[in-house]
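Everything on this sheet refers to the single structure shown next.
The values are calculated or read from the model by the stated rules, or taken from the named source; none is laboratory data. Computed from a prediction, not measured in an experiment: that's the story for all the values here. Cβ placement follows ideal geometry from the backbone for every residue including glycine, while neighbour counts extend to all protein chains displayed.
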Ligand SMILES: Cc1cc2nc3c(=O)[nH]c(=O)nc-3n(C[C@H](O)[C@H](O)[C@H](O)COP(=O)(O)OP(=O)(O)OC[C@H]3O[C@@H](n4cnc5c(N)ncnc54)[C@H](O)[C@@H]3O)c2cc1C
């Protein structure tokens, strides 16, 4: 039987994350939305606390606790592990503020990439640092196989050259996980990820972006010019296995897409809860015992949005649970990301519509959540790309056959 309740062992974690969201994130939410590019110094102490919570625990509290271990092989019954606990805590924290979660030291998507694929030696060397993820280039967004950045082996070092844009936490992180090709003639199989120290002289910050939403989070553009990194900064195998194709690099996404879906679920829940409170203030009562369409139109619309939210939430939990139980979850990870990204945008805009002027004004956070929502439908693969991946998997088509 499926038990849809939060596992008992994660309840304290979820409670703590909710408290942080309520008492730390929400009060400074508007401040850092307005003060774009200013580092939220309040997060320093919180980040240390989260490090403490993660230490000696299998369950991740922030965005980085997604390592798959040899125990995640599906044997010995179902287990709830770090992916599920991370997803649950992200939902709570993003109910508070997604831009602030993305600004949390040591909780970057680069950290998840390192946690997913690094060797034990690499983990020891680079663990405990804050890592951003640099895949996107001016000519390579959705089509990451079109990456032009190159990595050439020169003795005991790789030399990286190219341009990377829209790197979340790129200015503040200690490390940047850079995707580059070992040999552009060999296509996607030659694309590997490399850990670059932020203060590497070959990594030049070009500019920070001004954005629609998640304005507390910095977004950096870089040029890599003869950027030298040690040979063991390459994550995974240096071999170009054309049979495996993009498999190695894509493995990261199976873990990170449910995390982004969880961010979307958190933002959607914030909008729904605020709207429910506005309804209550206005004396509008939702009756779950009566069919939606027998109630006022505003309530019917609210119930529709709430149902979409529930579907997105369950899909996200399923994708994370599968990762914890050693089950291949590429399909579910993409489904969750597509569903939650779209739902978050629909719900946050729908709630503005339902709340009218209150929803649109800056006195409340509803308008901010609607601005923050859109990125969750874009980064880590847009909704359209996720749907393409889902279609390929369901129809058994390759990326060359269905593009
Ligand atoms: C705030 C922000 C933060 C970001 N952070 C990071 C980061 O940390 N690291 C990083 O590497 N990148 C990051 N990105 C980049 C992000 O991942 C890309 O923007 C995204 O992958 C889309 O690429 P693109 O913008 O080049 O759009 P394009 O690929 O040019 O796509 C444009 C539109 O066409 C659609 N489209 C493209 N191909 C197809 C197709 N085959 N079928 C149907 N529709 C298609 C897309 O869905 C999209 O709607 C960030 C972006 C933003 C805005």
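Just one residue in the set 173, 189 is buried (at least 20 other Cβ atoms within 10 Å of the Cβ), within 11 Å of the ligand (Cβ to nearest atom) and not in a strand (DSSP E or B); that residue is 173. Restricted to region 391-403, and to residues there that are assigned to a helix (DSSP H, G or I) and touching a residue at least 12 places away in the same chain (Cβ under 8 Å), the residue that is farthest from residue 328 (Cα to Cα) is 394.
Checked against (1) within 16 Å of the ligand (Cβ to nearest atom); (2) surrounded by fewer than 24 Cβ atoms within 10 Å (Cβ to Cβ); (3) at positive phi, residue 226 passes all but a single condition, namely (1).
Of the set (1) within 16 Å of the ligand (Cβ to nearest atom); (2) at negative phi; (3) in contact with a helix residue (DSSP H, G or I) (Cβ under 7 Å, 6 or more places away or on another chain); (4) in contact (Cβ under 8 Å) with a residue 60 or more places away in the chain, all apply to residue 345 but (4). Once region 124-144 is narrowed to residues that are loosely packed, with under 15 Cβ neighbours inside 10 Å and in contact (Cβ under 8 Å) with a residue 40 or more places away in the chain, the residue that is nearest to the ligand (Cβ to nearest atom) is 142.
Looking for whichever is part of a helix (DSSP H, G or I), out of contact with any strand residue (DSSP E or B) (no Cβ under 6 Å at 6 or more places or on another chain), modelled with pLDDT of 95 or more and surrounded by 16 or more Cβ atoms within 10 Å (Cβ to Cβ) here; the options are 332, 384. Which one fits? Checking each option against the conditions leaves just 332.
When region 105-125 is filtered for residues that are more than 19 Å from residue 379 (Cα to Cα), outside any loop (DSSP other than H, G, I, E, B) and under 20 Å from the mean Cα position of the chain (by Cα), the ones remaining, listed by number, are 115, 117.
Contact annotation: residue pairs with Cβ atoms under 6 Å, 6 or more positions apart or on different chains, pairing a residue in region 372-390 that is closer than 14 Å to residue 343 by Cα with a partner that is within 7 Å of the ligand (Cβ to nearest atom) and assigned to a helix (DSSP H, G or I), are 377/383.
State yes or no: is residue 306 assigned to a helix (DSSP H, G or I) and closer than 24 Å to residue 166 by Cβ?
no
With respect to the stated conditions, residue 373 is within 19 Å of residue 33 (Cα to Cα), part of a helix (DSSP H, G or I), modelled with pLDDT of 95 or more and within 16 Å of the ligand (Cβ to nearest atom).
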